[in-house]
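Report on the structure given below.
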Amino acid sequence: MDLNVLWFILITVLFVGYFFLEGFDYGVGTLVPFLGKNDAERRMLINTIGPFWDGNEVWLLTAGGAIFAAFPHWYATLFSGFYLALFLMLLALIGRGVAFEFRSKEDRPGWRNLWDWVLCAGSLVPALLWGVAVTNLVKGVPIDSHMQYAGNFFTLLSPYTLVGGLATLLLFTFHGALFLSLKTGGELVERARG
């Protein structure tokens with residue numbers, strides 16, 4: 001086994017770990033406004049992922065660093081080609097992190113409701129975009145002879161890739177519902193199972 005294969009295996013393990021561990025975070029965040037019928041229930045749902053959500057993103061940072069270290073051309077092509085999608089994902093992840101921190105700063109119901117929906121969007125958008133990105137990598141991305149991306153943002157959005165994005169969104173939401181059925185009790189378990 002040569003070094004390239006070893007790096008590919010390492011990067012695959014890091015992304016699988018990220019999707020497995022961050023998948024339930026995205027799912028719970030997406031479900032918060034829909035399963036939580038009042039502020040106490042929504043707080044309970046958020047508390048289930050409170051200790052985990054921040055640490056799970058370390059897998060992504062490590063995978064990105066491994067790609068940069070081992071395959072700099074791949075990293076440059078990937079990040080320049082998926083620039084707008086990654087920018088949207090970054091904005092969603094920033095909004096998600098801010099929602100976790102700001103939600104409890106005020107007691108007003110409108111304030112908390114706003115941050116619950118920001119948390120939902122900040123979980124839904126990356127779940128969808130990760131599916132679109134992975135499906136694009138499986139399908140193939142147009143790259144020219146200079147190893148530069150040869151398309152635009154809308155080249156990345158085909159019916160095939162959008163179905164892949166919806167599949168990961170549904171998978172992560174299902175993963176979050178399973179996690180909630182293990183971590184909560186009472187009516188929330190029944191809603192999560194539903």
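Residues that are closer than 20 Å to GLY122 by Cβ and among the β-branched types (Val, Ile, Thr) do occur in the range 57-69. Of the residues PRO159, PRO109, the single one that is more than 24 Å from GLU22 (Cβ to Cβ), at pLDDT 90 or above and surrounded by fewer than 19 Cβ atoms within 10 Å (Cβ to Cβ) is PRO159.
Based on this model, can you work out whether LEU182 counts as free of Cβ contacts under 8 Å to residues at least 12 places away in the same chain, loosely packed, with under 13 Cβ neighbours inside 10 Å and either closer than 14 Å to ASP25 by Cα or among the aliphatic types (A, V, I, L, M) (or both)?
Judged against the criteria, LEU182 is a match.
Of all residues in the range 98-126, those that are of a type in the set (Gly, Ala, Ser) have Cβ atoms under 8 Å from Cβ atoms of residues that are open to solvent by 90 Å² or more (accessible area, probe 1.4 Å) and part of a helix (DSSP H, G or I), 6 or more apart or on another chain, in GLY122/ILE94. Of the residues that sit in the range 131-156 and are open to solvent by 30 Å² or more (accessible area, probe 1.4 Å) and assigned to a helix (DSSP H, G or I), which one is farthest from PHE71 (Cα to Cα)? Selected residue: PHE154. From the list VAL58, VAL32, the one residue that fits, being β-branched (Val, Ile, Thr), in contact (Cβ under 8 Å) with a residue 40 or more places away in the chain and either open to solvent by 60 Å² or more (accessible area, probe 1.4 Å) or under 21 Å from GLY176 (Cβ atoms) (or both), is VAL32. Here ALA150 meets the list (1) in contact (Cβ under 8 Å) with a residue 40 or more places away in the chain; (2) touching a Pro at 6+ places or on another chain (Cβ under 9 Å) almost entirely, failing just condition (1).
Picking from residues in the range 86-103 that are of a type in the set (Gly, Ala, Ser) and more than 10 Å from VAL125 (Cβ to Cβ), the one that is surrounded by the most Cβ atoms within 10 Å (Cβ to Cβ) is ALA99.
Among the residues of the range 64-80, is any β-branched (Val, Ile, Thr), closer than 30 Å to LEU3 by Cα and open to solvent by less than 80 Å² (accessible area, probe 1.4 Å)? Checked the range 64-80: at least one residue is β-branched (Val, Ile, Thr), closer than 30 Å to LEU3 by Cα and open to solvent by less than 80 Å² (accessible area, probe 1.4 Å). Residues that are at pLDDT 90 or above, under 30 Å from PRO142 (Cβ atoms) and not hydrophobic (A, V, I, L, M, F, W, C) occur in the range 18-38; there is at least one.
The values are calculated or read from the model by the stated rules, or taken from the named source; none is laboratory data. Predicted model, so just to flag it, every value in this text is computed and none were measured. Note that we place each Cβ from the backbone using ideal geometry, even for glycine, and neighbour counts take in every protein chain shown. What goes into the accessible areas is simple: the full protein's heavy atoms, side chains included, and nothing from ligands, DNA or RNA. Shrake-Rupley method; radii C 1.70, N 1.55, O 1.52, S 1.80 Å.
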